[in-house]
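Notes for the one structure printed next.
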Amino acid sequence: MTNVPAARIVDSADVSPDAVIGGGSSIWHLAQVREGVVMGENCVIGRGAYIGTGVQMGDNCKVQNYALVYEPAQLGDGVFIGPAVVLTNDTYPRAVNPDGSLKSAHDWEPVGVTIEEGASIGARATCVAPVTIGAWATVAAGAVVVKDVPRYALVVGVPARRIGWVGEAGVPLTPGDAEGVWVCPTTGARYIETAGKLTKENA
């Protein structure tokens, strides 16, 4: 069994004693990790990032500077969250109720963003809950995601739309030797497109 070093938490970070931080993880200056967070091993939380109450994170995730990961988000293994990304949690946000009274935690039901294994969210992108970002998908910088993103999809724009496919190396796939076949130019891995979905050959 591999020995995993202790987590590194800098003095200026605000990490709840009720959070579970996996070995080998690093939490950098001015980051805040709330109570109930469960973070896997070897994660990196950048300067000024916010991880909300009860957020679940797998191993080897990277959350870059000033990203906001609001509860109840769930991140799979190897997820990349770029600088200043926002994962929202309120479908119909209001500061007040119709009678003008200030909304409390009991006046709304938080909904989360789910990001599956290996997916990447580019800088300043916004994912509007509730949405699921499929495994190994890439959301381009500045995109606004308002509907689910398929596995291996490359989405751009406002609102985000699919413009292609990416492989597990993150590089856009190129057409293969038959219709519906896509190939990663970096690894040579082959993928099969069927009815708007992509699967890795021999996976």
- Message: Counting other beta carbons within 10 Å of each residue's own, what order do D18, D77 fall into, fewest first?
- Response: D18, D77
- Here the Cα Rg-to-2.2 N^0.38 Å ratio for the chain is 1.11
- Fewest Cβ neighbours within 10 Å first, please rank I163, I121, I51 accordingly. I163, I51, I121
- Taking neighbour counts of Cβ atoms within 10 Å as a proxy for exposure, in what order, fewest first, do M57, M39 appear? M39, M57
- Item | Candidate lysines - alpha carbon under 28 Å from K200, same-chain residues fewer than 8 apart omitted | K62, K147
- Can you give me the three principal axis dimensions of the stretch 1-94 from its C-alpha atoms, in Å, biggest first? 47, 27, 25
- Task: Place the peptides 98-105, 126-133 in order of packing, highest mean first, counting for every residue the other Cβ atoms within 10 Å and averaging per peptide.
- Result: 126-133, 98-105
- Query: Based on the Cβ-Cβ distance from T53 to R162, what FRET efficiency comes out when R0 is 45 Å, to the nearest 0.05?
  - Reply: 0.90
- Query: Given the Cα-Cα distance of N202 and V38 and 0.36 nm per residue of separation, how much length would full extension add, in nm?
  - Reply: 55.8 nm
- When Lys and Arg each count +1 and Asp and Glu each count -1, what net charge do the other residues less than 14 Å away from A140, Cβ to Cβ, add up to? +3
- Which distance in nm do the two modelled labels at H106 and L30 give, with both placed 7 Å along the Cα-to-Cβ direction? 3.6 nm
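Values in this text are rule-based calculations from the coordinates and carry no lab data. Since the structure is predicted, the reported quantities are computational estimates derived from the model, not experimental observations. In this analysis, Cβ positions are derived from the backbone assuming ideal geometry, glycine residues included, and neighbour counts consider all displayed protein chains.
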